[in-house]
Amino acid sequence: MTRPLQGIRVIDFSVLIAGPWATRMLADCGAEVIKIEAVGDGDVTRFAEPLVEGVSLVFAAYNTGKKSVSLDLKTPAGIAAAKVLIASADVVVENFRPGVMKRLGLNYESLVAEHPKLIYCSISGYGQTGPLAHKAAYAPALAAFSGYDLYC
């Protein structure tokens, strides 16, 4: 049985909840999702409790169905490796604070010149521009800011 996104490759630069959940849904629909993790410990949710036999259920829930690559994006070699992966991709998803991907040379404007068909998704709590754009967005902070608690 073919799934709707079979044949689509996604490079996933996301961490924590919003980005990994979005890319998990893409993987569930058949996309090949390659998650980029930091060298060393990888995604911070790898150690989030509860753990079952040393595996974080949080990490497993948000990253099932993905492949994983460890890259040091603070080095030219890591950036070069990321660009090689992106060259073979249809979609890039990131949820760093606005400006991080630009500093790395991995933002939409830097990549679309070489890859005009690339779909680029930036996820942020307060948007890419504006007075709150550079604030971290976690569920409790968003609930307090908006007055709406999704978990009530």
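Given a cut-off of under 8 Å on Cα pairs at least six residues apart, what relative contact order in percent is computed for the chain? Intermediate values should be presented prior to the final figure.
Values: 231 pairs, mean separation 32.8, N = 152.
Reported relative contact order: 22 percent.
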*From the cross-link list K66/K102; K35/K135; K74/K102; K66/K117, which pairs have alpha carbons spaced over 20 Å apart?*
K66/K102; K35/K135; K66/K117
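Which of rounded, prolate, oblate describes segment 69-144, given a ≥ b ≥ c as roots of the alpha-carbon gyration tensor eigenvalues and a/c under 1.5 marking rounded, otherwise prolate only if a/b is larger than b/c? Walk me through the intermediate numbers first.
Working: a/c = 2.24, a/b = 1.77, b/c = 1.27.
Note, shape of segment 69-144 comes out prolate.
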*asked:* Straight-line reach only, C-alpha to C-alpha below 15 angstrom: list the aspartates and glutamates that K83 could link to, leaving out same-chain residues fewer than 8 apart.
replied: D12, E37, D72, E94, E109, E114
*Hey, with R₀ at 41 Å, roughly what FRET efficiency would A60 and K102 work out to, going by the Cβ-Cβ distance, to 0.05?*
0.80
_Explain nothing, just the number: dipole magnitude of segment 9-146 about its Cα centre with +1 on each Lys and Arg Cβ and -1 on each Asp and Glu Cβ, in debye rounded to the nearest 20._
320
*Calculate how many DSSP beta bridges within the chain are antiparallel, expressed in % of all such bridges and rounded to the nearest 5.*
10
*asked:* From the phi angles alone, apply the Karplus equation (6.51, -1.76, 1.60; θ = phi - 60°) to segment 116-125 and give each ³J(HN,Hα) in whole Hz, x where the residue is Gly or Pro.
replied: x, 9, 5, 9, 10, 10, 10, 10, 8, x
*Between S88 and Q6, what is the spin-label point distance in nm, taking each point 7 Å from the Cα along the Cα→C-beta axis?*
2.0
*Each residue of segment 59-73 in order: what ³J(HN,Hα) in whole Hz does its phi give by Karplus 6.51 cos²θ - 1.76 cosθ + 1.60, θ = phi - 60°, with x for Gly and Pro?*
4, 4, 5, 8, 10, 4, x, 9, 8, 9, 10, 9, 10, 9, 6
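Restricting to DSSP H runs of at least four residues, report the calculated mean residue ellipticity at 222 nm for the chain, -39500 (n - 2.57) per run over all residues, nearest 500 deg cm²/dmol.
Details: 6 runs with 48 residues, N = 152.
Using -39500 (n - 2.57) per qualifying helix, the result is -8500 deg cm²/dmol.
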*Which far-off residues, 5 or more places away or on another chain, put their amide H under 5 Å from the one on V33, with H placed in the peptide plane?*
V10, K67
_Take M25 and I119, extend 7 Å from each Cα along the Cα→Cβ direction, and tell me the distance between the two endpoints in nm._
1.2
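Read the figures in this text as sums done on the coordinates, not as results from a lab. What you are looking at is a predicted structure, and each value in this text was computed from that prediction instead of being measured. All Cβ positions, even for glycine, are placed from backbone atoms using ideal geometry, and neighbour counts span all protein chains on display.
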